[in-house]
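The values are calculated or read from the model by the stated rules, or taken from the named source; none is laboratory data. Just so we're clear, the structure is a prediction, and the values are computed from it rather than from any experiment. Neighbour counts run over all protein chains shown; Cβ positions are idealised from the backbone, glycine included.
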Amino acid sequence: MFGSGIMLKQNNYTCLSFRFEAVCGAVLPPYLGSALRGALGGQLLLKHCKNRDRNCMTCEYAPTCTFVKFFNRLALSSKKRYALPNPYVVYHQQPARKQYPAGGELLFEVKLFGGSSIYADEVIEALERGCANGLGANRCPFSLADVKKTHGKIMPEMCFGDETTVKLRFDTPLRIKTFAKGIMWTLDFPLLITNILRRIDELNVAEIERSSRDEFSNIAGKIQTKYHNLRKLHMERYSNHTGGRKSMSGLVGDITFTGERLSTFINLLHAGECLHVGRGCSMGLGHYRIIEWQ
């Protein structure tokens with residue numbers, strides 16, 4: 001259950017589960033979140049951009065532009081210094097698969113958070129067109145076979161039990177960055193909870209009072225890492241924005257935390273499972289699953 005110090009705000013999400021089929025044989029990167037997000041953005045840009053120089057920062061249409069709301073939220077910031085996070089994640093569910101024969105299935109999902117759920121039909125249309133134009137180096141087209149739309153709560157209201165152990169599995173690279181150390185290549189429970197709370201704040205999921213934050217911090221500091229097999233996964237992606245390669249490297253693997261009052265964090269951990277954690281969330285990075293509670 002939620003304490004008195006947590007007030008839910010934009011706590012809903014819409015999940016679009018896609019099933020595409022390869023029109024011809026294709027070889028694709030193992031993590032397709034970046035390519036799929038690029039297909040989505042390209043189609044939204046073609047449909048909505050009314051500015052010939054493509055400069056969202058000075059465009060008079062930016063406040064109502066769907067492309068800006070999904071891909072250039074810095075243009076919506078009043079100070080033009082801090083970009084709001086993208087209100088969605090693209091999660092590719094077959095990270096190990098590279099070969100797609102003709103008729104082979106490509107499965108992925110897009111979660112739209114809060115008010116962005118109203119754009120669900122437009123996202124479906126854009127991805128159908130974008131994937132039909134081709135994915136991968138050989139630009140193999142994929143045809144939309146099925147899409148299912150479901151709804152849920154980002155932070156579900158779950159009762160605290162007496163669990164003292166939780167096991168998480170990061171199946172896409174976790175990239176947590178700090179000002180002092182850059183990308184972190186180790187993970188502890190306080191760092192994880194701090195970044196989940198940051199995602200909740202940035203996406204306006206809930207308002208959490210200072211007293212509750214202090215309590216979370218105090219309890220999190222007593223939670224220990226029981227076991228982990230986290231490893232570095234080195235990956236790169238091509239950025240259309242910069243015209244060069246960018247790192248997507250991060251931590252993948254399992255980690256188990258243990259400690260008294262661990263169940264205090266059950267709602268936050270489920271929120272992090274939905275929202276993803278760290279950098280690059282909109283392209284599917286920082287996704288974990290709760291494997292086990294004990």
message: Anything in segment 157-177 that is within 20 Å of the chain's Cα centre (by Cα) and either of a type in the set (Ser, Thr, Tyr) or in the same structural domain as Pro30 (by TED's automatic domain parsing) (or both)? List them, or say none.
response: Thr172
message: Could you go through segment 192-203 and let me know if any residue there is within 25 Å of Gly38 (Cβ to Cβ), modelled with pLDDT of 90 or more and touching a strand residue (DSSP E or B) at 6+ places or on another chain (Cβ under 8 Å).
response: yes
statement: Among (1) within 23 Å of the chain's Cα centre (by Cα); (2) under 27 Å from Phe113 (Cβ atoms); (3) of a type outside the set (Val, Ile, Thr), Leu262 falls short only on (1)
Filtered residues of segment 246-294 (kept if charged (D, E, K, R) and out of contact with any Leu (no Cβ under 8 Å at 6 or more places or on another chain)): Lys246, Glu260, Arg261, Glu273, Glu292
message: Between a residue in segment 36-57 that is assigned by TED's automatic domain parsing to the domain that holds Gln93 and of a type in the set (Lys, Arg) and any residue that is in a loop (DSSP other than H, G, I, E, B) and at pLDDT 80 or above, which pairs come within a Cβ distance under 7 Å, given they are 6 or more apart or on different chains?
response: Lys50/Tyr61
message: All but one of (1) surrounded by 16 or more Cβ atoms within 10 Å (Cβ to Cβ); (2) farther than 18 Å from His92 by Cβ hold for Val252; state the number of the condition that does not hold.
response: (2)
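Counting only residues that are over 16 Å from Leu16 (Cβ atoms) and of a type outside the set (S, T, N, Q), how many does segment 106-140 have?
Within segment 106-140, the first condition is being over 16 Å from Leu16 (Cβ atoms), and the residues that meet it are 132-140.
Next, from what is left, pick out any that are of a type outside the set (S, T, N, Q): 132, 134-137, 139-140.
Going through segment 106-140 one residue at a time, the tally reaches 7.
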field: Single residue of Glu128, Glu122 found to be free of Cβ contacts under 8 Å to residues at least 24 places away in the same chain, surrounded by 16 or more Cβ atoms within 10 Å (Cβ to Cβ) and part of a helix (DSSP H, G or I)
entry: Glu128
- prompt: Could you say which residue among Ser263, Ser212, Ser217, Ser282 is among the polar types (S, T, N, Q), surrounded by 13 or more Cβ atoms within 10 Å (Cβ to Cβ), touching a residue at least 24 places away in the same chain (Cβ under 8 Å) and closer than 18 Å to Arg37 by Cβ?
  reply: Ser282
- prompt: Among the residues of segment 254-263, is there at least one that is closer than 16 Å to Pro190 by Cβ, in contact with an Asp or Glu (Cβ under 8 Å, 6 or more places away or on another chain), at pLDDT below 95 and not in a strand (DSSP E or B)?
  reply: yes
